[in-house]
Structures are given as structure tokens and as C-alpha cells.
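Trainee: What follows is a structure written as C-alpha cells; I'll ask about it next.
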Amino acid sequence: MKKKQKETTTIFYILTAEQRKIKKTNMSDQKPQWFWNASQNPFKDPSPTWTPYSSEDNKIIEEYFQSKSIKAELKDHFVYFNEHMQVHKQDFHKQRPIKREPNK
């Protein structure tokens, strides 16, 4: 007895130049967003106040992160990736948790 072979169909989608441009634009808009905890006591407050970094700082932090650096340098702070911590340059005791989320 001969087994019947299953038919498979491959569908190719051909995108126009405009569709490729839109797709590329949409993908590039999906940059992650970095946040810092703005709670008065960021290590004890049960409800963190996650505040997004400015677009300029976010871009700087993400560039350092993508380059596999251990920290990013901003105007007044260092952002340490492994520790998930923002530290003030002039006062190491001023620290706040950070997080990174994909842009939705």
C-alpha cells in the first residue's frame, strides 16, 4: 500500500519598496525604554515610581548597553547594567534602581 504524500505550499510575499520602508521604520521605532525609580525611598517603597529617562539619555544608555559596556555615563550619573543601578557621580550613596523594557 502506497502512502499518500502531504502537499506543502510555500507562499512568498513580495513587498513593494514603500512597504519595505514602512516595515523598516516600524522596526526601528521599537527601541527599548530605560526607567529609573523616582520613589522617595527607592529601596523600601513597595510601589516603585518608574520614570522614563529622557529620549536623549535613553539613546545614550541604550548605545552603551548594546556595545556591551558595563556602565553608561550621563551628565550627572553613571548607569551600571549588571547592578541595575543609577549612581550619582558626585555622591556614590545616591543610588536608584533602573530597568529596561521593550517599547510597545
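Trainee: Say each of F81 and S69 gets a label point 7 Å from the Cα, pointing the same way as Cα to Cβ; how far apart are those two points in nm?
Mentor: 1.0
Trainee: I would also like to ask the following. Which of the pairs K31/K89; K44/K75; K31/K59; K44/K94; K59/K94 have their Cα atoms more than 18 Å apart in this structure?
Mentor: Numbers: K31/K89 26 Å; K44/K75 26 Å; K31/K59 9 Å; K44/K94 14 Å; K59/K94 23 Å.
Among K31/K89; K44/K75; K31/K59; K44/K94; K59/K94, the Cα-Cα distance tops 18 Å for K31/K89; K44/K75; K59/K94.
Trainee: Using 7 Å Cα-to-Cβ label points, what is the N103/E56 separation (nm, one decimal)?
Mentor: Rounded to a tenth, the inter-label distance reads 1.8 nm.
Trainee: Still on this structure, please answer the following. Could you order the peptides 52-63, 35-46 from most to least packed, using the average number of other C-beta atoms within 10 Å per residue? Before the final figure, lay out each step's value.
Mentor: Working: 52-63: 15.2, 35-46: 12.9.
The densest-packed peptide leads the list: 52-63, 35-46.
Trainee: Mind giving me the FRET efficiency for Q30 and K89? R0 is 35 Å, r the Cβ-Cβ distance, nearest 0.05 is fine.
Mentor: Numbers: r = 31 Å, r/R0 = 0.88.
The pair Q30/K89 has a calculated efficiency of 0.70.
Trainee: Could you look at segment 62-104 and say what percent of its accessible area is carbon and sulfur, using a 1.4 Å probe and all protein chains? Intermediate results must be reported in sequence, preceding the final value.
Mentor: On the way: 1610 of 3240 Å².
Ligands and nucleic acids excluded, carbon and sulfur give 50 percent.
The values are calculated or read from the model by the stated rules, or taken from the named source; none is laboratory data. Note that the structure is a prediction, hence the values are computed from the model and not measured. Cβ atoms come from the backbone with ideal geometry, glycine included; neighbour counts cover every protein chain shown. We work out accessible area using only protein heavy atoms, side chains counted, and drop any ligands, DNA or RNA first. Shrake-Rupley method; radii C 1.70, N 1.55, O 1.52, S 1.80 Å.
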